Amino acid sequence: MMVLIAYDVNTSNPSGGKRLRQIAKECVNFCQRVQNSVFECLIEPHQFTELRHRLEDIADPKTDSLRYYFLGKNWKNRVEQYGTKQGYDPEGVILY
């Protein structure tokens, strides 16, 4: 399934900066960054459950926000790209 994860972390204090880095690091382990605080995840349901728990353990619900958009299996018809950043094929080969 394809899930879009967007987050906003309050970085007005040092602990917020730490949470921001931790959330980004967890997302990078499962997803592809497409904007500064937006990740596309082509992920199995059990992996998403694990990622969600990790993210929600890091985030402070009083000051931070996590949003999950479930695009499902037919996500290719629901994603459009415009602008400077080129799209990528999450089902393709990833070179490091």
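The values are calculated or read from the model by the stated rules, or taken from the named source; none is laboratory data. Keep in mind that what you see is a predicted model, and the values were worked out from it rather than measured. Positions of Cβ are backbone-derived with ideal geometry, glycine not excepted, and every protein chain shown enters the neighbour counts. Calculation scope for accessible area: heavy atoms of the full protein, side chains included, ligands and nucleic acids excluded. Shrake-Rupley method; radii C 1.70, N 1.55, O 1.52, S 1.80 Å.
I'd like the residue in region 36-55 that is loosely packed, with under 12 Cβ neighbours inside 10 Å and either without any contact (Cβ under 8 Å) to a residue 12 or more places away in the chain or among the hydroxyl-bearing types (Ser, Thr, Tyr) (or both) and, out of all such residues, is nearest to THR84 (Cα to Cα).
ASN36
Out of everything in region 70-83 that is at pLDDT below 90 and in a strand (DSSP E or B), what residue ends up being nearest to LEU4 (Cα to Cα)? That would be LEU71.
This table checks each residue for (1) part of a loop (DSSP other than H, G, I, E, B); (2) at pLDDT 70 or above; (3) farther than 14 Å from TYR7 by Cβ.
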residue: GLY17; (1), (2), (3): no, yes, no
residue: ALA24; (1), (2), (3): no, yes, no
residue: THR49; (1), (2), (3): no, yes, yes
residue: ARG52; (1), (2), (3): no, yes, no
residue: LEU55; (1), (2), (3): no, yes, no
residue: THR63; (1), (2), (3): yes, yes, no
residue: TYR68; (1), (2), (3): no, yes, no
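Cβ separations smaller than 8 Å between residues 6+ apart or across chains give the following pairs from region 1-28 residues that are under 30 Å from GLU80 (Cβ atoms) and open to solvent by 30 Å² or more (accessible area, probe 1.4 Å) to residues that are in a strand (DSSP E or B) and β-branched (Val, Ile, Thr): LEU4/VAL38.
Being in contact with a Pro (Cβ under 9 Å, 6 or more places away or on another chain), under 27 Å from ASN10 (Cβ atoms) and at pLDDT 90 or above is a property that GLU40 has.
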